[in-house]
Amino acid sequence: MSAIDITPLLAGAGIIGLAVGFGAQTLVKDFITGLFILLEDTLSVGDVVTVGTHTGAVEAFTIRTLRLRDGEGRVHSIPFSEVTSIINLTKNFAYVLIEVGVSYDADLQKVMEIMKQIGDELRKEPAFSHYIYENAEVFGIERFDASSIAMRARIKTNGHKQWDIKREYLIRLKRAFDKEGIEIPFPITTSIHRAHSPADAPLVEAELKG
């Protein structure tokens, strides 16, 4: 009776055991990382977070994965072992950051008054008053751009309402600027075409072919 060579079986068992070991390590890492994230109250269901390259609302999490739904409705399932950092966009409160460019000949004092006034008006309205925690802060000039002066302000709001409040603020700001004749400039490209005399025709043709 010939002996059976069990070496291939042992090698196969070793590979399987190694794979199981690595899988178990990943599972343990998923579990431990997720446990610390939950214990530290880093996020909750309903929060809007950025995890790596993914941004979305937290729909659920298990002992191993975090599930996000982005603005286009796509669901991202992310193992906790791959989470290296979390940016929570809705934790406790948020800031609506307003940056708008105005022309260089604009009355900047008037611009700042309008930016402040709109923020204060929003805070007094019942539809927004519960979600705006402080009056608008107008910082003034942020920088000088090529075709405009960038002005900056911010409003402290409820963590889940900053996007709605920002949209409403910008609509009112545009209307107020239009009413006061304050221009929001945009880059303009000027093309210069040289005029040629008939004698220059061969030269122009050569330029076009070149």
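Only the coordinates and a few stated rules stand behind these numbers; no lab work does. For clarity, every value in this text was computed on a predicted model and none was experimentally measured. When we count neighbours, we look across all protein chains shown, and the Cβ atoms used for this are built from the backbone with ideal geometry, even at glycine.
Brief remarks follow.
- Counting Lys and Arg as +1 and Asp and Glu as -1 over every other residue whose Cβ lies under 14 Å from the Cβ of SER129, the net charge comes to -2.
- Label-point separation in nm, GLU180 to GLU59, each point 7 Å along Cα→Cβ: 4.5
- As a proxy for reagent exposure, ranking ILE141, ILE155, ILE86, ILE149 by other Cβ atoms within 10 Å from fewest up yields ILE141, ILE86, ILE149, ILE155.
- Computed extension length for ILE141-ASP107: 11.0 nm, one decimal, from 0.36 nm per residue of separation with the Cα-Cα distance subtracted.
- Extending 7 Å from Cα along the Cβ direction at PHE93 and again at LEU27 yields two label points whose distance is 4.5 nm.
- Cα lying deepest toward the dipole's positive end in the stretch 100-172, options SER148, LEU122, GLN109, charges on Cβ: LEU122
- The gain in end-to-end length when the VAL45 to HIS160 segment is fully stretched comes to 40.2 nm, 0.36 nm per residue minus the alpha carbon separation.
- Residues MET112, MET151, ranked from the fewest to the most other C-beta atoms within 10 Å, line up as MET112, MET151.
- Paramagnetic reach from PHE36 in the stretch 67-89 [backbone N under 18 Å; point 7 Å along Cα→Cβ]: 79-88
- Here VAL51, VAL75, VAL138 are placed in order of increasing Cβ neighbour count within 10 Å, fewest first, which gives VAL75, VAL138, VAL51.
- Dipole moment magnitude, nearest 20 debye, the stretch 93-180 about Cα centre, only Lys, Arg, Asp, Glu C-beta charged: 280
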